[in-house]
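Asks: Here's a structure for you.
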Amino acid sequence: MLRPLDKLVVVEPVATFGGTEAWQSGSTRFGTVVERLGMSLAEVRAYGVDSGTTLASLVVDNSTTPAADDIDSDECVWTE
């Protein structure tokens, strides 16, 4: 749970967001989701941490904007 105006930082391998070639479009889709939850994607960067490994860092700004009315938590599907 975030307090209003707090930040959430997500750091994941770029593969989580579609791989080296597609991670930016995957992060855009992630931004669409956080906007529907009343937040905004403030920063997106990729960092090479060693040979062949790249991490995506996404900073989400929380706000006082309510989530979209049509989001039903019972219909959310989590995948691995």
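Asks: Would you please name the residue that is modelled with the lowest pLDDT, looking only at residues in region 13-27 that are surrounded by 14 or more Cβ atoms within 10 Å (Cβ to Cβ) and β-branched (Val, Ile, Thr)?
Replies: Checking each candidate, the answer is 16.
Asks: Looking only at residues in region 3-37 that are assigned to a helix (DSSP H, G or I) and among the polar types (S, T, N, Q), which one is nearest to the chain's Cα centre (by Cα)?
Replies: Only one residue fits best here, namely 27.
Asks: Can you pull out every residue in region 36-58 that is within 30 Å of residue 70 (Cβ to Cβ), modelled with pLDDT of 90 or more and not small (Gly, Ala, Ser)?
Replies: Answer for region 36-58, where residues must be within 30 Å of residue 70 (Cβ to Cβ), modelled with pLDDT of 90 or more and not small (Gly, Ala, Ser): 39, 41, 43, 44, 58.
Asks: State the number of residues belonging to region 38-54 that are touching a residue at least 12 places away in the same chain (Cβ under 8 Å), surrounded by fewer than 16 Cβ atoms within 10 Å (Cβ to Cβ), aliphatic (A, V, I, L, M) and out of contact with any Ser or Thr (no Cβ under 7 Å at 6 or more places or on another chain).
Replies: Here the count works out to 1.
Asks: Please name all residue pairs, on different chains or six or more residues apart, with Cβ atoms under 9 Å, provided the first residue is in region 58-72 and is over 28 Å from residue 14 (Cα atoms) and the second residue is modelled with pLDDT under 80 and surrounded by fewer than 10 Cβ atoms within 10 Å (Cβ to Cβ).
Replies: 64/4
Asks: Of 40, 27, 63, 51, which residue is in contact with an Asp or Glu (Cβ under 8 Å, 6 or more places away or on another chain) and on the phi < 0 side of the Ramachandran plot?
Replies: 40
The values are calculated or read from the model by the stated rules, or taken from the named source; none is laboratory data. Nothing here was measured: the structure is a model prediction, and the numbers come from that model. Every residue, glycine among them, receives a Cβ derived from its backbone with ideal geometry; neighbour counts consider all protein chains shown.
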